[in-house]
Amino acid sequence: MFRRSNIAARIFQRQIYTPAPGTSVHCARRFYENLVPSCTIFDVECPDQSFCKFTDDGQYLICFSRNQQDLIVYRPTWLSFSCKGEDCDAFDLPPKAKRFESFFTQLYSVSLASSNALICKDFFLYMEGNHYGIFATSTAPIHEPPAAGGAIQGIPYIEKITFHLIRLEDGLVLDEKILLNDFVNLTHNMGVFLYDDLLAIVSLHNQTIHILQIRDSGNLVNVRTIGEFCHEDDELFLNSNAQCLAFPDKSKLHRLPGNNVQNGLQHSQPNLEDSFLTGIKQRLLSFIFQGIWNEEKDHTLRVQCLKKKFYYHFRDYAELIIWRVQFLDRHHLLIKFGSVDGGVLRNADHHPAFFAVYNMETTDIIAFYQNSPEELYLLFEQFCDHFHAASRNSLSMNFVSSHSNNIHALEKLRCVKNKASSSSQFVKKMLGSSLPYSCQSQSPSPYFDQSLFRFDEKLISATNRHRQSTDHPIKFILRRQPYSLKFKVKTGPEAGNTDGRTKKISSFLFHPTLPLVLSIQQTLFLQPSVVNIHFRR
């Protein structure tokens, strides 16, 4: 048997052995154990801008100008230079290697935001099949909004939110979707979810789920709106019934006192806005009621059970609001409900959360899970990949490590669960922080494949998040023998940080396929970022 650490032996073994069915991609990814970043260029000369992420296919690097007005898109290239002799590794890198332009070529810069609006630099979604990008701009949020009919009190609102559909090949703006006097949680894509060509936008302020379809032609088409109404003709039906109440059959008017007919009708006309729950809330309460009703067969016990489990908590159920939404497939949504207080918080783990599965076609709630449900956690543990709902066109996202497809991730999850003091609190925290998943929030880089490499997840992980900066390099160690250190990733200057009083945060951008990593260290005072490039020489 050839040495598995020898890349030449791997190539020869690939020629003479056929991998087991369904494992060809996993076998090919093992080559990354040999193809790792081997060289680091510290403090690269680069433009002063915000780095967002690589697209999932690795063709584009998305950046924003420092004033959050312009979109800047780069194409990853590679450092090329010539040297004398056969062993180029023995020579120092040329001075141009310190320049950002040696690794990336700027394709274009597009102005997206107006003078009073800013680009949301934490929001970006990518349609891999069409090479479309979805960006968002918004005005400043108003934290004490005036009272408005149907709006949730306590939720801030933004005067104008604009979603831009852009063709990344040339930066052409294809279409826009504008929401006025609304609030969408755009941080880390929390309030928006993309599945294939369907886009779900959660309006927290108006408690509405907007379902849009992205056509191949580049148009954003409204498919349905879920919230106050569920069926497309619900509003028409209610308005027609309101007219019948306002103008009843004339043959029955003689039964009413003649002098008070007109005034009486005016005073008795119902206010639909105050009389009805929203459509989605009515579906939710009906499902809870029917579930409790079917628990008991005896009428007396059934009434007692309804009083205890439904009517006693009726106000709590009625005051739930939609927090977040994700697609499970093209017809089903996983909706997270909670209190108004936790609706706009980044970390709402200590607030009770409820989960419902909603069928968009039948407008029915088909499953409801109370706070810290063990049943939902078992589904989450065993079938975590189903909650990711990756697009059919995104091959790379199907190989992101999770505890349902990787034994090492599962062992770590169960170890944390066993150490928890309370099982119910662990389930509540895990589901509250994980579901619904933030769309496209994980890097598909093979260096985060936990069957290949071991690393400290407190310092770095596949999830795209800013982290507290550390002076120590982050090590990537082989998961299999000889368990050797393969490469390191270090943020900040090569000599380390001289000022330990300044709080620094770091982010890491891993290319999905190439041995190329950007480590960005920045302070909280908008000073220029320190960018390091880690690549294979």
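The values are calculated or read from the model by the stated rules, or taken from the named source; none is laboratory data. On a predicted model such as this, the values are computed, not experimentally measured, just so you know. Positions of Cβ are generated from backbone atoms using ideal geometry, with glycine treated the same way; all protein chains shown enter the neighbour counts. All accessible areas refer to the heavy atoms of the entire protein, side chains included, with ligands and DNA or RNA removed. Shrake-Rupley method; radii C 1.70, N 1.55, O 1.52, S 1.80 Å.
Of SER445, SER441, which residue is small (Gly, Ala, Ser) and open to solvent by less than 10 Å² (accessible area, probe 1.4 Å)? Lay out the reasoning, then the answer.
Working: SER441 fails: open to solvent by less than 10 Å² (accessible area, probe 1.4 Å).
None of the other options fit; the residue is SER445.
Can you pull out the residues in region 72-109 that are loosely packed, with under 11 Cβ neighbours inside 10 Å and at pLDDT below 80?
Result: SER80, SER82, LYS84, GLY85, GLU86, ASP87, ASP89, ALA90, ASP92.
SER38 versus (1) of a type in the set (S, T, N, Q); (2) under 26 Å from LYS486 (Cα atoms); (3) without any contact (Cβ under 8 Å) to a residue 40 or more places away in the chain: which is the lone unmet condition?
(3)
Taking region 183-193 only, how many residues are in a strand (DSSP E or B) and either surrounded by fewer than 22 Cβ atoms within 10 Å (Cβ to Cβ) or of a type in the set (Phe, Trp, Tyr) (or both)? It would help to see each step written out before you state the result.
Taking region 183-193 first, the residues in a strand (DSSP E or B) are 192-193.
Of the ones still in play, those that are also either surrounded by fewer than 22 Cβ atoms within 10 Å (Cβ to Cβ) or of a type in the set (Phe, Trp, Tyr) (or both) are 193.
Going through region 183-193 one residue at a time, the tally reaches 1.
Might you let me know whether region 437-459 holds any residue that is outside any loop (DSSP other than H, G, I, E, B), polar (S, T, N, Q) and closer than 20 Å to GLU128 by Cβ?
Yes, region 437-459 has at least one match.
Is at least one residue of region 208-226 touching a residue at least 12 places away in the same chain (Cβ under 8 Å), among the hydrophobic types (A, V, I, L, M, F, W, C) and not in a strand (DSSP E or B)?
no
Enumerate the pairs (first residue in region 160-173 and more than 19 Å from GLY58 (Cβ to Cβ) and part of a strand (DSSP E or B); second residue anywhere and among the hydrophobic types (A, V, I, L, M, F, W, C) and open to solvent by 70 Å² or more (accessible area, probe 1.4 Å)) with beta-carbon separation below 9 Å, excluding pairs fewer than 6 apart on the same chain, so at least 6 apart or on different chains.
As it stands, the answer is LYS160/ILE178; LYS160/LEU180; ILE161/ILE178; ILE161/LEU180; THR162/ILE178; PHE163/ILE178, since those pairs meet every condition given.
Looking only at region 161-178, how many residues end up being open to solvent by 60 Å² or more (accessible area, probe 1.4 Å), of a type outside the set (A, V, I, L, M, F, W, C) and under 18 Å from GLU128 (Cα atoms)?
Residues in region 161-178 being open to solvent by 60 Å² or more (accessible area, probe 1.4 Å), of a type outside the set (A, V, I, L, M, F, W, C) and under 18 Å from GLU128 (Cα atoms): 3 in total.
Tell me the residue from ILE335, ILE366, ILE407, ILE322 that is closer than 25 Å to LEU284 by Cα, modelled with pLDDT of 90 or more and open to solvent by 60 Å² or more (accessible area, probe 1.4 Å), please. If you could, list the steps in order and put the result at the bottom.
Details: ILE335 fails: open to solvent by 60 Å² or more (accessible area, probe 1.4 Å); ILE407 fails: closer than 25 Å to LEU284 by Cα; ILE322 fails: open to solvent by 60 Å² or more (accessible area, probe 1.4 Å).
The conditions single out ILE366.
With the requirement that a residue be without any contact (Cβ under 8 Å) to a residue 60 or more places away in the chain and open to solvent by less than 60 Å² (accessible area, probe 1.4 Å), what does region 425-438 give you?
Matches in region 425-438: PHE426, VAL427, MET430, SER434.
Right, LEU194: in contact with a Cys (Cβ under 7 Å, 6 or more places away or on another chain), aliphatic (A, V, I, L, M) and touching a residue at least 60 places away in the same chain (Cβ under 8 Å) or not?
Working: in contact with a Cys (Cβ under 7 Å, 6 or more places away or on another chain): yes; aliphatic (A, V, I, L, M): yes; touching a residue at least 60 places away in the same chain (Cβ under 8 Å): yes.
Answer is yes for this residue.
Whether any residue in region 124-145 is touching a residue at least 24 places away in the same chain (Cβ under 8 Å), within 26 Å of HIS231 (Cα to Cα), surrounded by 22 or more Cβ atoms within 10 Å (Cβ to Cβ) and under 21 Å from the mean Cα position of the chain (by Cα) is what I want to check.
So far as region 124-145 goes, no, none of its residues is touching a residue at least 24 places away in the same chain (Cβ under 8 Å), within 26 Å of HIS231 (Cα to Cα), surrounded by 22 or more Cβ atoms within 10 Å (Cβ to Cβ) and under 21 Å from the mean Cα position of the chain (by Cα).
Failed condition for LEU220, given (1) modelled with pLDDT of 95 or more; (2) open to solvent by less than 10 Å² (accessible area, probe 1.4 Å), with all others met?
(2)
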